[in-house]
Structures are given as structure tokens and as C-alpha cells.
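Every number in this text was worked out from the coordinates using simple rules, so none of it is lab data. All values reported here derive from a predicted model rather than from experimental measurement. Note: ideal-geometry Cβ built from the backbone for every residue, glycine included; neighbour counts use all protein chains shown.
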Amino acid sequence: MTSEMITAAASGTWKLGDLVVNRIGFGAMRLPQTGEALIPDAAPRDRDQAISVLRHAIELGVNHIDTAAFYFSPLRSANELINRALAPYPDDLVITTKVGPGRDPSGQWQPHATPERLRGQVEENLRQLGRDHLDVVNLRIVGSHSIAERFGALAELRDAGLVRHLGISNVNPAQLAEARAIAPVVCVQNQYGIGVRPDHDAFVRTCGEQGVAFVPFYAIAGSGREAGAGADDAPEILAVARAHGASPAQVRIAWTLQRGPHVLAIPGTGNPDHLASNVAAGALRLSADELAVLDSLHRQAAE
């Protein structure tokens, strides 16, 4: 499929609380560096290229950007690149960030934030982005323990006006229920894709039934995670891609979007060509037969 003139509007829209976003967004994790993301010795990406990619994303209709203060490499910070490229921000742009994890100045990971430290992480995102409030803040979780204390701390920041809407990341259904009992949850951001976490299928549907956006990360990279997508796509994916004149990455994005109208995509890249291709995937419609083949492939991962 050609990516010329296809904008994010082709993917349709969803509301994060009262904020309308196109279902194809942009993930900023790969902007600060080349190669594998989130490692201390990553090579900084060319600054002008990163800024150009962000501005082109807006030109292509992207109005949902996912970022975090811990997305940085030597010399580059995703938040500060976003600020430099896009401020003053378009009125319809929704910037989603996340808190919980942290990295020290050398890039080494630190223990997850205590409830008391979450305010400092929120304020750091505000400073880097040059904003007086954050549109959406996701609490990133590690483990299946109670999240009430930390999510409650974010709910207090929401009440104070520093945060507009709340989400949660890397969570299970019980943690979603626990969070929703404290404050409204507009999105769940978990790893998910073809062949990745088929045990999450019911959870994806549950989010839709509750009006909560499901935002899969690593939907293209799959098991490659921070290292990016590998070269070994299954024959089923390659066949669907050939039938549409599309790339395997576009098929993976389209499949996730067709899991439900509440599913949003945030593919990330520092490559302008890949950006246009990812956005164009929002216009790719897979047939019922193609979805059945890909769904079968997806379920095989659980066997």
C-alpha cells in the first residue's frame, strides 16, 4: 500500500477522557538514540532528524504522542526534543507520559518511585515538556502487587490540577479494577501484538467494555522489545503483507487496531520513511479471512 497522503485520521478516533485522539499515534522511545533503546551507552540520534520526524508526525495528523522522562540517551531527551520541535503545542495534541520507573543521569535504572517521589517525576515531565499540566500520566507497574497507594498519589496530583487524566501500564485486570475504584482510568498500556501475550485477549476486550483505551506497546517489535523488530516474520504475516502491497510492520499495526475501536497504536521510530509507513497502516483493513489466519497464528504462542 502507498503511504502517500495517508494521514492518522484514516485510523479513526477515540477519546481519552475528554481528549479526542487519532488511533494511530507516535511513541517517542526511539527518538533519543539509534540502535537498541533505553541502554546507557546508546548512540545519540541526530538532533535535526529527531526534530524533523516529530514535526512530520504532526503534519501527518498524529495528535497522540507517548513519551517519558526516562526516555533519554547521552545528549538527547525525548521530552526535550518534543518541546523543541512542537512548542507552542497544537491545541489538539495529547501528550501521554509515564512515571514509576526512573534512571539516574548515567542511564542506569533505579528502583521504582515511592508514592512520595511520584510528584517529583510528574514535575520533571512538566519541566522538560514546558507545560503547566500533563494530559495523561500512566503509572508504570512491575509485578502483581497492590497499586492503590501509588495510584492514589497520582489521583491527588490529578485533583491538584497537575494531571488531567490517568492511565496504568504493565498491569493485570485486578490492578485495573483496583485503580478504577480510586479514580477514572482512561487507558491501559501493556505489551501486546501478534503472537505476544495471547493471554491478554480477554483483558483487551474487558478494557473496551469499560470504555478504557488499550494501548499496546512493542506491537511491531514483539519479543524484540527495545531492540526492535527482527527479520523473521511468519509466512502468514508475509502473505497478508504481499496481498496488500504492505510491509509486515503495517500488517502488525493493522491487526492490533482491528482488535477493537478502543485499541490505539503508538509505533515509534526515528526514521521519516518508517513514520509515514506506520501512519499509513491506519488505513489498512484486513479481511475476515486474513484476521482468522493471523488470529490463529497469535493463539499458537499460547500453546
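Segment 8-28 and segment 64-92 have their alpha-carbon centroids 18 Å apart. Packing around the peptides 287-296, 99-108, taken as the average count of other Cβ atoms within 10 Å per residue, puts them in this order, highest first: 99-108, 287-296.
So for each of 232-240, 119-127 I average, over its residues, the number of other beta carbons within 10 Å; can you give me the resulting order with the highest mean first? Could you put the intermediate results ahead of the total?
Values: 232-240: 15.4, 119-127: 17.6.
The densest-packed peptide leads the list: 119-127, 232-240.
Ranking PRO267, LEU257, VAL212 by Cα position along the charge dipole of segment 12-300, where only Lys, Arg, Asp and Glu carry charges on their C-beta atoms, puts VAL212 farthest toward the positive end. Between ILE39 and ALA148, the simple spin-label model (points 7 angstrom out along Cα→Cβ) gives 4.1 nm. Remark on segment 12-300: Rg and Dmax equal 18.0, 53 Å (Cα only). As a proxy for reagent exposure, ranking MET5, MET29 by other Cβ atoms within 10 Å from fewest up yields MET5, MET29.
Sorted from fewest to most neighbouring beta carbons within 10 Å, what does the list HIS64, HIS262, HIS244 look like?
Details: HIS64 31, HIS262 21, HIS244 17.
Going from sparsest to densest Cβ surroundings: HIS244, HIS262, HIS64.
With the simple spin-label model, which puts each label point 7 Å out from Cα in the Cβ direction, the ASP46 to GLU59 separation comes to 1.5 nm.
For every helix of n ≥ 4 consecutive DSSP H residues, a contribution of -39,500 (n - 2.57) applies; sum these over the chain, divide by its total residues, and give [θ] at 222 nm rounded to the nearest 500 deg cm²/dmol. Please report the intermediate quantities before stating the final value.
Working: 10 runs with 108 residues, N = 303.
Value at 222 nm, helices only, nearest 500: -10500 deg cm²/dmol.
Working ranking of peptides 159-172, 7-20 by packing, defined as the average number of other Cβ atoms within 10 Å per residue, highest first, is 159-172, 7-20. Fewest-first ordering of ILE39, ILE253, ILE141 by other beta carbons within 10 Å of each residue's beta carbon gives ILE39, ILE141, ILE253.
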